[in-house]
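The values are calculated or read from the model by the stated rules, or taken from the named source; none is laboratory data. Being a predicted model, the structure only gives us computed values, none of them experimental. Every residue, glycine as well, gets a Cβ built from its backbone with ideal geometry; the counts of neighbours run over all protein chains shown.
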Amino acid sequence: MLVTLNAGYSTYKAREMTSDRPLSSGIQMIKIDGDKIRRLREHNGLTQLYVATVVGVTTDTISRWENKRYPSIKKENAIKLCEALAVPLESIIDLDDHETAPSQTTEQDIAAKPPNQDQRITPTRLPLKNIGLAVAILVFAGIAVWTMTKYQATTTPINIADQLIVSRTMPSHVPPGAPFPVMVEITSNYPEPFPFILKENLPPNAKAIQGKPLFTRQNNNPSDLKWISKLTGDYAVFIYLVQPSEHMKIGEMLEINGLITCKKENKMTTPIGGDNSITIDSHHWADSNRDGKIDDEEILSVYDTYGAIEGLKVDKEKIEEIWSGKGYQWNRQTRQYEIEF
């Protein structure tokens, strides 16, 4: 279940919690309730991995928070934790924390308890020039506050959708049963790091056999893939191998659909653009013009486009072997390329 990270954000940003306790270094700490955090996370259907990614800590740290091994955490981490859980800061505070701020004195208390004679402050008269200076400062401060309020009211937050390009690249054709690479590139101009979830949905007659980085399967379904990550720069790439069913017929097509979900100011889901279909054919996926051989331009295109797939079981050796020969044919029974030298 996906939740909006900015729910309640303005609430806890606008209030100062009485549970804040600065350390000697000046870092403010928040006393948290681990049971509340665990219940909120489970209620929203979130994993410890997702929460850890948003906050920028490890899953072990999230587990320690929930098990009350770390009863107090830095305020900046508490704010990020509330973003992940989509709750105000008050929702994770330990209410058994009795170290609250001193009670506020009301006007009635002042009237009931007049100060002692030696505690009374004798009013003094300010020189006229100081009064004029004070008035000028107040006027300029009022203008500055009015200007900032007007600016904040009229400025629209940057939307991640306007700063994000997500594109899929894959071959145009592939023989039945032969694996082929799929690459998803994410380019961002957004000024801050942000977490995201990438999902790819394959048709029932195809399965993903390997991925970099490693993907997880949604509901143990071999056709549904997902990654959770955090974009800390302006570029990220996800590559995986797909194997179509060996029973598919020549001319059939496979379609792949996907989307990326980001959480910042608001929930934003964007479909992945670029290539989304591949045709079942008797030619190698690197043989882009389907002439029964791989020429210099085609092998250079493979290394240029899929050069980041080191570590995946892409048949680079077979591609080079076909390139060095005169031609090839696909043997459907053995699911092998027969090369002519």
Quiz item: Looking at the range 162-177, which of the residues that are in contact with a Phe, Trp or Tyr (Cβ under 7 Å, 6 or more places away or on another chain) and over 14 Å from T261 (Cα atoms) is surrounded by the most Cβ atoms within 10 Å (Cβ to Cβ)?
Solution: V174
Quiz item: Since Y240 meets every condition but one in (1) without any contact (Cβ under 8 Å) to a residue 40 or more places away in the chain; (2) part of a strand (DSSP E or B); (3) closer than 19 Å to G177 by Cα, which condition does it not meet?
Solution: (1)
Practice problem: Being in contact with a Pro (Cβ under 9 Å, 6 or more places away or on another chain), of a type in the set (G, A, S) and surrounded by 14 or more Cβ atoms within 10 Å (Cβ to Cβ) is the filter; apply it to the range 201-253 and report the residue that is nearest to Y190 (Cα to Cα). | Solution: S229
Quiz item: Since S277 meets every condition but one in (1) more than 23 Å from K316 (Cβ to Cβ); (2) out of contact with any helix residue (DSSP H, G or I) (no Cβ under 6 Å at 6 or more places or on another chain); (3) at pLDDT below 95, which condition does it not meet?
Solution: (3)
Quiz item: E76 versus (1) modelled with pLDDT of 85 or more; (2) touching a helix residue (DSSP H, G or I) at 6+ places or on another chain (Cβ under 7 Å); (3) part of a helix (DSSP H, G or I): which is the lone unmet condition?
Solution: (2)
Practice problem: For G258, state whether it is part of a strand (DSSP E or B) and either in the same structural domain as F194 (by TED's automatic domain parsing) or in contact with a strand residue (DSSP E or B) (Cβ under 9 Å, 6 or more places away or on another chain) (or both). | Solution: yes
Exercise. Return yes or no: is S188 assigned by TED's automatic domain parsing to the domain that holds R168 and modelled with pLDDT of 95 or more?
Key: no
